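Quick notes on the structure that follows.
The values are calculated or read from the model by the stated rules, or taken from the named source; none is laboratory data. Just so you know, these numbers come straight off a predicted model, no measurement behind them. Don't worry about glycine lacking a Cβ; one is built from the backbone with ideal geometry, like all the others, and counts go over all protein chains shown.
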Amino acid sequence: MLGAAMDGKTGVKPLIADVNVPFSDVLDNLQFGFMGRARVTHGAWSLGTDIIYMGLGASSDQPNADVDVDQWAVELNAGYQLAPIFMSLVGVRYNQLAASIDFQTIGRSRSGKVDWWDPFIGGILTLPLGERWNFQFHGDIGGFGVGSDLSWQIEMLFNWFMTPRSSLMMGYRWLSIDYDDNGFVYDVLSQGPQLGFTFRF
C-alpha cells in the first residue's frame with residue numbers, strides 16, 4: 001500500500017498546470033491506488049516485477065484548474081547478487097499516464113494519454129538489524145531520453161520477519177518522472193510512506 005504526495009507540473013501544451021498534493025491531502029484526492037511486487041530467485045540471479053497504479057484528483061492554483069491523473073508504472077527487472085548485502089539491477093519500466101485538466105478561469109479543458117518504456121539501472125542494499133529486522137535501500141535511475149528525459153526512484157524500507165517465510169514491510173518511496181513528448185508534459189515527483197506484507201515460498 002502506497003500513500004503518495006505529488007509535486008510538479010502536467011498538462012497538454014500550451015496549457016500546463018502545477019500539481020501540488022501534500023500527503024495530508026492524499027486521502028481526500030486519491031480515487032484508487034494499488035501496489036504489488038514479486039521476485040523469483042535462482043542462485044545469484046533473480047527476476048522481479050513491481051506494479052504501481054494510482055488515480056488522483058487534484059486542484060491547481062497556478063492556473064486555477066482541476067486535474068485528474070491516472071498513472072501506471074509496471075517494472076520488469078533482472079537482479080544479480082554481487083555480494084551478500086548488495087544486488088545489482090537492470091530493467092525496464094512501462095509507464096502509462098492519462099491526464100485531464102479543466103481550466104476554470106478560461107473555461108477550457110485539455111486531456112491526453114501516453115505510454116512509454118524507460119530502461120533503468122540500480123541496486124538493492126540490504127543490511128541486517130538483529131535476528132528479525134533488516135533495512136533495505138533501493139535506488140535506480142533511468143529514462144535517458146529513450147522514454148522520459150529522466151526518471152529515478154528511491155526506497156528506504158524496514159522489514160520485520162514474523163516467521164522465516166513472512167514479514168511486514170514499512171518505509172518510504174520517492175518516484176520522479178520527467179516526460180515531455182508530443183505536447184504532453186509530466187514532470188512530477190511522487191512520494192510517500194508505504195506498508196506491505198511479504199510471503200516467501
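Which ones in segment 151-173 are buried (at least 16 other Cβ atoms within 10 Å of the Cβ) and either under 16 Å from the mean Cα position of the chain (by Cα) or outside any strand (DSSP E or B) (or both)?
Ser151, Trp152, Gln153, Ile154, Glu155, Leu157, Gly171, Arg173
Please tell me if Phe184 is surrounded by 16 or more Cβ atoms within 10 Å (Cβ to Cβ) and either of a type in the set (D, E, K, R) or under 19 Å from Lys13 (Cα atoms) (or both).
Considered against the rule, which asks whether it is surrounded by 16 or more Cβ atoms within 10 Å (Cβ to Cβ) and either of a type in the set (D, E, K, R) or under 19 Å from Lys13 (Cα atoms) (or both), Phe184 comes out as yes.
Say whether the condition of being closer than 21 Å to Asp149 by Cα, among the hydrophobic types (A, V, I, L, M, F, W, C) and touching a strand residue (DSSP E or B) at 6+ places or on another chain (Cβ under 6 Å) is met by at least one residue in segment 80-89.
For segment 80-89, residues closer than 21 Å to Asp149 by Cα, among the hydrophobic types (A, V, I, L, M, F, W, C) and touching a strand residue (DSSP E or B) at 6+ places or on another chain (Cβ under 6 Å): present.
What residue, among those in segment 102-133 that are loosely packed, with under 14 Cβ neighbours inside 10 Å, under 17 Å from Val185 (Cα atoms) and of a type in the set (D, E, K, R), is modelled with the highest pLDDT?
This residue is Asp115.
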